[in-house]
1. For chain A, what is the mean residue ellipticity at 222 nm derived from helices alone (per DSSP H run of n ≥ 4: -39500 (n - 2.57); sum divided by total residues; nearest 500 deg cm²/dmol)?
2. Average the reciprocal distances over every distinct pair of alpha-carbons in the range A:174-232, invert the result, and give the Kirkwood radius in Å.
3. With the other protein chains left in place, how much accessible area per residue, in square angstrom, belongs to the range A:22-124 at a 1.4 angstrom probe?
4. Please list, short to long, the whole-number percent of alpha-carbon pairs of the range B:130-208 in consecutive 5 angstrom bins beginning at zero.
5. For B:PRO161, what is the net charge nearby, where nearby means another residue's Cβ is under 11 Å from its Cβ and Lys, Arg count +1, Asp, Glu -1?
6. Put a dot 7 Å past each Cα toward the Cβ at A:TYR62 and A:MET1; how far apart are the dots in nm?
7. Bin all alpha-carbon pair distances of the protein assembly as shown at 10 Å intervals from 0 and give each bin's fraction as a whole percent.
8. Let me confirm one metric for peptide A:119-132, namely the mean number of other chain beta-carbon atoms within 10 Å of its residues' beta-carbons.
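The values are calculated or read from the model by the stated rules, or taken from the named source; none is laboratory data. Being a predicted model, the structure only gives us computed values, none of them experimental. A quick note on method: Cβ atoms are made from the backbone with ideal geometry, for glycine too, and the neighbour counts reach across all protein chains shown. Ligands, DNA and RNA are excluded from the accessible area calculation, which covers all protein heavy atoms including side chains. Shrake-Rupley method; radii C 1.70, N 1.55, O 1.52, S 1.80 Å.
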There are 2 protein chains.
Amino acid sequence: MGKIICTGLGPGDPDLMAVKSDRLIRAATHVAYFRKLGRRGQARRIVDGMLRADAVEYAMEYPVTTELPFDSPEYILALAQFYDAWADRLATLAITEDVVVLCEGDPFFYGSFMHLYTRLKGRAVVEVIPGITGMSGCWHATGMPITWGDDVLSVLMGTLPEEDLIRHMRAADALAIMKTGRNLPRVRRALAAAGRLEDAWLVERGTMPDQRMARLVDVDDKDCPYFAIVLVHGTGRRPEVGGME
Amino acid sequence: MGKIICTGLGPGDPDLMAVKSDRLIRAATHVAYFRKLGRRGQARRIVDGMLRADAVEYAMEYPVTTELPFDSPEYILALAQFYDAWADRLATLAITEDVVVLCEGDPFFYGSFMHLYTRLKGRAVVEVIPGITGMSGCWHATGMPITWGDDVLSVLMGTLPEEDLIRHMRAADALAIMKTGRNLPRVRRALAAAGRLEDAWLVERGTMPDQRMARLVDVDDKDCPYFAIVLVHGTGRRPEVGGME
């Protein structure tokens with residue numbers, strides 16, 4: 001009787017993976033990961049040089065990415081069938097084998113694995129191992145703490161309506177905004193409306209050798225990949241000025 | 001010429017520490033950590049059995065904890081002097097030695113180390129290694145993803161005024177509330193006012209052998225340590241109902 005073990009890979013530097021995930025990945029004989037059709041895949045790239053030579057790999061390739069609107073019935077159906085099919089395949093495999101599923105960041109924090117997780121409930125033994133989030137890798141890249149004292153941190157998706165973004169940006173002390181890419185113009189307008197634009201940073205591939213970081217005001221709207229994260233650091237209460245716990 | 005390396009220890013299970021932190025801690029000859037006066041200290045406990053026999057330990061004991069109000073001038077001064085003194089001592093030590101500082105969770109996410117970090121700027125080489133946050137360990141303990149799709153996650157401190165708590169609890173999809181303890185009655189009232197009390201979980205020591213988890217409605221106000229975390233899971237957009245990226 002095997003099981004399915006989803007390992008959080010962390011923000012990108014393999015040295016930042018949990019000891020437990022590192023050990024499981026190096027010993028794995030069956031390894032599955034998501035990737036875009038025709039791409040190598042970031043999750044697979046992170047474990048380069050770690051897999052056993054005889055490991056069997058399962059590339060779970062998304063059936064569609066940007067060809068269809070994300071809220072169209074066709075897109076939703078295609079994705080649901082994709083997750084259904086892979087849940088079936090992994091559940092069958094786990095009858096006899098342990099399967100390690102690779103997930104960037106932390107699987108329970110906006111991870112794609114949860115769509116398999118819900119489908120595998122009651123059909124296979126599933127273990128999920130946390131990882132350092134991508135946003136944590138990005139705030140470490142800036143060399144500044146993201147939150148202090150009693151700061152409120154809000155994590156927002158760039159896909160949200162502009163008025164929602166503005167409202168949350170005004171209310172929170174620290175911000176992490178994901179799914180940027182083509183949403184960057186809206187994110188930028190919302191930050192400006194909330195009075196936070198001057199304090200915003202754009203970070204790509206935090207902790208990776210090719211990490212890139214710039215003040216958002218210095219970045220062109222067209223020069224922003226989907227996975228780049230916008231950060232606004234909290235300034236919090238400090239012992240010098242207002243006490244701490 | 002030495003340096004100061006702050007290692008994020010993660011949520012508590014030593015097996016969830018980053019590979020890099022694990023390696024540095026096992027090799028360290030000088031190890032510093034915060035703790036309450038007269039306590040063993042959670043950070044030190046996490047690395048039990050990992051330190052070299054000849055490692056020199058520096059317990060940085062908080063001068064005060066609950067004896068003084070956290071916003072009193074005396075408390076603020078005592079803490080500032082405490083951080084000043086340890087920054088001096090670590091900077092002096094780092095002239096000749098590498099010093100590993102142990103920090104629970106992720107050092108740049110509400111970590112005490114940042115008070116040393118700001119004081120050490122320009123005086124010593126300082127490296128900070130991220131860790132899995134305590135809140136991530138707690139949502140993994142619940143066995144449910146904290147965020148899906150376009151969910152907004154807000155991280156709140158139980159020390160905030162009740163009206164602020166209510167406002168943020170109403171606005172966000174998913175919640176992580178830290179610094180609970182004696183603030184739990186206020187957190188509970190705010191969750192009830194925001195209509196989120198029924199969905200709230202209280203998690204202690206997520207990922208540790210003695211982890212404890214309960215629906216908040218089933219927990220007594222007096223039975224809540226300061227480090228316990230209240231979680232409300234997001235329900236998000238899913239492929240079945242509303243599409244995803």
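1. Numbers: 7 runs with 72 residues, N = 245.
After summing the helix terms and dividing by the residues of chain A, the value is -8500 deg cm²/dmol.
2. Details: mean 1/r = 0.0890 Å⁻¹.
Value: 11.2 Å, from the Cα pair sum.
3. Value returned for the range A:22-124: 47 Å² of accessible area per residue.
4. With a bin width of 5 Å, the distribution comes to 3, 15, 26, 26, 19, 8, 2, 0.
5. Numbers: positive: B:ARG167, B:ARG186; negative: A:ASP150, B:GLU162, B:GLU163, B:ASP164.
Counting the neighbours of B:PRO161, the net charge comes to -2.
6. So the label points at A:MET1 and A:TYR62 sit 3.6 nm apart.
7. Taking every Cα pair in the protein assembly as shown, the percentages come to 4, 19, 31, 28, 14, 4, 0.
8. Working: counts 0, 0, 1, 0, 0, 0, 0, 1, 1, 3, 6, 14, 6, 11.
Average neighbour count from other chains, rounded to a whole number: 3.
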